[in-house]
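Structure first, commentary second.
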Amino acid sequence: MSDPQPVYLSDYQPPAYQVTHTELTFDLDPAATRVKARLHIERHPSADSQAPLVLNGEQLTLISVAIDGNSLPDAAYQLTDEVLHIADVPEAFMLESEVEIAPSSNTALEGLYQSNGMYCTQCEAEGFRRITYYPDRPDVMATFKVTVIGNATSEPVLLANGNPINQGVLENGRHFAIWEDPHPKPCYLFALVAGNLHKVEDSFETVSGRNVTLQLWVEQENLDKTEHAMASLKRAMAWDEQVYGREYDLDLFMIVAVNDFNMGAMENKGLNIFNSAAVLTHPNTATDATFQNVEGIVAHEYFHNWSGNRVTCRDWFQLSLKEGFTVFRDQCFSADTNSAPVKRIQDVSFFRTAQFAEDAGPTAHPIRPDHFIEITNFYTLTIYEKGAEVVRMLRNLLGWEDFRRGSDLYFERFDGQAVTIEDFVGCMAEVSGADLNQFMRWYSQAGTPEIDAHGEYDYAHAEYHLTLRQRTPATPGQPEKLPLHIPVRMGLVGTKSGQDLTLTLSGEKLGKDAVIHLTDDEQTFVFTDVAEAPVPSLLRDFSAPVKLHFPYSREDLAFLLTHDSDGFNRWDAGQRLAMLALDDLIAAHRNGVEKVMDTRVVEAFRTLLTGAMSDKAVLAEMLTLPSEAYIAEQQPIVDVDAIHAAREFVRQSLAVALRDEFVAVYKANQSDEPYAPTPEQIAQRSLKNIALTYLMAIEDEEGIAFCETQFAAEHNMTDVRHALTLLVHSDRDDIASPALKAFGEKWAHDPLVMDQWFTIQVSRPQSDVLDRVQYLMQHPAFSIKNPNKVRALIGAFAQNRVNFHRLDGKGYALLADVVIELNRLNPEIAARLVTPLTRWQRFDEERQQLMRDELVRIKQEPLSSNVFEVVEKALA
Ligand code: B3K
Ligand code: ZN
């Protein structure tokens, strides 16, 4: 067998044949589903009349194929494992085929598969080719009519995209439903669901007065977990009308929850399919974070109806066209619905930890890659989150009004088409007159740009000289980088007044908060009429996805922490201050020197805790130390033990110094109001729980009592889970073990709560974790075939920095064993799971060797193209 080969963006050719209308009939059976397809096909006028028809198809058993009613003899076509090739076809014709597939043995969860006995589909990106022979590419768009035939008892509900047009009873206990979707769509948006489902129904009146029926389909026991998703959907529909002028376009919108799903959810036209973890919530079973996540994902999939479905991608290299834009849209929606500064802090915090790591590793790729082996490997933080940051920069460069005009133009001009990133950015340039040529490099250049900044105040001339130098480190396949267009939003905060000073650049008054444009390798900006010495506040609101280095003193940072008018940068100043202290402590740990806590951090925290800060949500974020993963990102060589020890030392020192303040905050933020996922309540719970986190760092007796009471009160899952986690992660096994046991027994029937139960245990810092993982893999609630379980147990263990990176290599070996097993069952999940091993360059030599050994062991297996691509890059 030869190695899988990449496809290249530069090889793109428009399709020679279009499918204008697709009719499908599914006769469902777990082991032998029959799929009949009738495809109305037309040759493109500019295509060669000799062009063969090439249809994708994988793991299909072909029963018959005919053109215009004439069955094709064997000699008329060629069949391989991947394509059906017909050399000679007319200009316009009807292709009929019948295939057999086996949903019950589909463990890859791509195409048509069964989850808990229910039939469902996942076609993006290239899953439709596992359903029928078809030109499985997004630039082929057809209207669809779908007939689903199933067993009336086991599949009373039969769903597909669009509008229901007919249903009826057949012989032998079978029944059928017919669905029609009038909007032309690529086959990746096709969906079918059949099973014993129950619905919750609501409605939404659109801005033009149309009534849309909204349905949420779940298994019976989950009917009480749908309220929040439904409310979120309605908010999202209203938001897209108000903010983007986008109205829904069918009379019915359905969401289905399934337990076995590779990703969060899928935006199939009119029939979104969701991982149950991304849609089901109840105060007793889901945390605040889950409530917010569900709201964001429901909105994200809904927003795709325009940014993705009505206007779709020409090819999969353009994936960020729909994903980056849609993530940006859902981020803004969540910011408008909840606390905007906290949303930004959390998004950036995650981005700087996880996307920066991706951009610095062997799988780094541009937002628009120029080649790939397996597209499912490119549903990444770069395509999604960095893509969203780039759209956000466009919004900031143009201003909202021009950005909105550009968005309107894009949707109008390209409605019903499959387009490219140039088409999107082109609309933005057209409406605004902005020159975005250099900006386009953000789409083709991988790696995180770094800005080295320094500034000098010239008292004599009342000038501030700010020099910014940019460089983007080499990434695989891209040794040389060009300068990018980087918008730096900034202010100068006067050290006497504590106020933002007016920015005057080349005689022009820019206001107190302005964007300067770094476009060259190095630029110096001279601000004039600067009446007092300032501290610069740079990259406000994280105005560009870059690393910014500025030689701030701890005094500067303590000053910005209290005086910066930008909430994001106030938070960031606190993070930077903590990082300086952590760096010293990491060095002390490595050198075996006694650790000493920086009192400036303690005093900064004291100010926060006792000050008049009214925004509890932001306060809770400011009291949160950088995560071990984020700290690791900042180190040249990651020393997991030193990082853990240093962070624990800071946590404990703060707890000792500010114990009474934490107790006071904890007590002041108790509440027995009925649970609601409102921003106010969430803020209060976050603040209360972060205070408890500190108290538990020193296993304070009162803190332990708070935990026990909070756990036992069972008021809501946010509080219960937080208390349980703190207990389990402490050394008080005498209290933790019974609590964990009670929790596991109470929720044994609820898979989503059991996911949390797994994660809590395998993220504890104690050294017994590896044994626990092995033990829990045998637990009846665990299944390697369920992606949520794999993420909750194995994925969470691989995030447990001290235990996964054990020096005996057993953590790595365990992960590799699971990857090898999953490679056969579910290549998409296997390829994601291997990620932590691919980051071996970041560690000490001993660990590097151990991690590489496991990658080599994986590489010796017969690999799916998914895992092959990742491992090959990691070992290159
Ligand atoms: N568009 C889907 C992606 C599913 C792809 C899985 N291989 C989810 C989303 O971004 O909305
Ligand atoms: Zn998406």
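None of the figures in this text is laboratory data; all of them are computed from the coordinates on show. It should be emphasised that the depicted structure is a prediction, and the values quoted were computed from it without experimental measurement. All Cβ positions, even for glycine, are placed from backbone atoms using ideal geometry, and neighbour counts span all protein chains on display.
Taking Rh as the Kirkwood radius computed over C-alpha pairs, what is the Stokes-Einstein D of the stretch 398-525 at 37 °C in a medium of viscosity 0.692 mPa s, expressed in µm² per second?
Working: Rh = 17.4 Å.
Here the translational diffusion coefficient equals 188 µm²/s.
Restricting everything to alpha-carbon atoms, can you work out Rg to Rh for the stretch 745-796 with a Kirkwood hydrodynamic radius? Could the numbers behind the result be given before it?
Values: Rg = 10.2 Å, Rh = 10.9 Å.
Answer for the stretch 745-796: 0.93.
Run the dipole for the chain about the Cα centre, Lys and Arg Cβ at +1, Asp and Glu Cβ at -1, nothing else charged, and hand back the magnitude in debye, nearest 20.
Working: 76 positive and 127 negative charges, 123 e Å.
Computed charge dipole of the chain: roughly 600 debye.
According to the calculation over all Cα-Cα pairs in the stretch 29-104, the P(r) per 5 Å bin from zero is 3, 14, 24, 26, 17, 9, 4, 2, 1 %. Between 0 and 90 degrees, the angle of helix 751-762 with respect to the longest Cα principal axis of the chain falls at about 40 degrees.
Each of ARG392, ARG651 was scored by other Cβ atoms within 10 Å of its Cβ. Arranged with the fewest first, they read ARG651, ARG392. Comparing LEU539, THR382, THR153 along the charge dipole axis of the chain, the residue lying farthest to the positive side is LEU539, per the Cβ-charge model. Roughly speaking, what is the centre-to-centre gap between the stretch 731-758 and the stretch 574-596 when only Cα atoms are used, to the nearest Å? Centre-to-centre distance over Cα atoms comes out at 35 Å.
Using only alpha carbon positions, build the gyration tensor of the stretch 227-296, then give the equivalent ellipsoid semi-axes as the square roots of 5 times its eigenvalues, largest first, whole angstrom. Each step should come with its number before you reach the end.
On the way: eigenvalues 94, 49, 18 Å².
Ellipsoid semi-axes (Å, largest first): 22, 16, 10.
The Rg/Rh ratio of the chain, with both radii computed over alpha carbons and Rh defined as the Kirkwood radius, is 0.97. Taking a straight line from the alpha carbon of LYS343, these lysines sit under 20 Å away, with near neighbours fewer than eight places off in the same chain left out: LYS386, LYS547, LYS616, LYS688.
Rg and Dmax over the alpha-carbon atoms of the stretch 486-602 stand at 16.2, 54 Å. Computed from Cα positions, the angle between helix 567-591 and the longest principal axis of the chain comes to roughly 80 degrees. Ranking of MET230, MET266, MET754 by neighbouring Cβ atoms within 10 Å, starting from the fewest: MET230, MET754, MET266. Of the Cα atoms belonging to the stretch 1-58, the radius of gyration and Dmax stand at 16.1, 43 Å. Residue ranges 471-480, 578-587 sort as 578-587, 471-480 when ordered by packing (mean number of other C-beta atoms within 10 Å per residue, highest first). So for the chain, averaging the separation of alpha carbon pairs under 8 Å that are six or more residues apart and normalising by length, what relative contact order in percent results? Worked out over the chain, it gives 8 percent. Percent of C-alpha pairs per 5 Å bin in the stretch 694-832, short distances first: 2, 10, 20, 21, 19, 14, 9, 5, 2, 0, 0. Taking the C-alpha atoms only, the angle from helix 421-432 to the longest principal axis of the chain is near 60 degrees. The percentage of C-alpha pairs in the stretch 329-380 whose separation is greater than 16 Å is 55%.
So if I place +1 on the C-beta of Lys and Arg and -1 on the C-beta of Asp and Glu, and nothing else carries charge, what would the dipole magnitude of the stretch 225-274 be about its Cα centre? I want it in debye, nearest 20. Display every interim value, and only then the final one.
On the way: 5 positive and 8 negative charges, 31 e Å.
Here the stretch 225-274 has a charge dipole of around 140 debye.
Hey, how many Å between the Cα centroid of the stretch 790-846 and the Cα centroid of the stretch 154-230? Using only Cα atoms, the two centres lie 38 Å from each other. All C-alpha pair distances within the stretch 261-416, sorted into 10 Å bins from zero, spread as 10, 36, 39, 14, 1 percent across the bins.
With Cα atoms as the point set, the stretch 593-642 shows a radius of gyration and Dmax of 14.2, 40 Å.
Rounded to the nearest Hz, the phi-derived 3J(HN,Hα) couplings of the stretch 434-439 under the Karplus curve 6.51 cos²θ - 1.76 cosθ + 1.60 (θ = phi - 60°) are 6, 8, 10, 4, 5, 4, where x marks glycine and proline. Applied to the stretch 362-376, the Karplus parametrisation 6.51 cos²θ - 1.76 cosθ + 1.60 on θ = phi - 60° returns per-residue 3J(HN,Hα) values of x, 9, 3, 8, x, 4, 10, x, 9, 7, 7, 8, 10, 5, 4 Hz, with x for Gly and Pro. Using equal-weight Cα scatterers in the Debye expression, the normalised intensity of the stretch 590-686 in log10 at q = 0.15, 0.18, 0.25 Å⁻¹ is -0.74, -0.96, -1.34.
Subtracting the Cα-Cα distance of GLN799 and HIS749 from 0.36 nm times their residue separation leaves 15.4 nm of extension gain. 3J(HN,Hα) along the stretch 541-554: 6, 6, 6, 8, x, 10, 9, 10, 10, 9, x, 5, 7, 5 Hz, from the Karplus curve 6.51 cos²θ - 1.76 cosθ + 1.60 with θ = phi - 60°, whole Hz, x for Gly and Pro.
So for GLU450, GLU401, fewest C-beta neighbours within 10 Å to most, what's the order? Working shown, then result.
Details: GLU450 14, GLU401 10.
Ordered from fewest to most neighbouring Cβ atoms within 10 Å, GLU450, GLU401 come out as GLU401, GLU450.
The alpha carbon convex hull volume per residue for the stretch 98-234 rounds to 141 Å³.
Note on the stretch 306-352: Rg/Rh from Cα positions, Kirkwood definition for Rh, rounded to two decimals, is 1.09.
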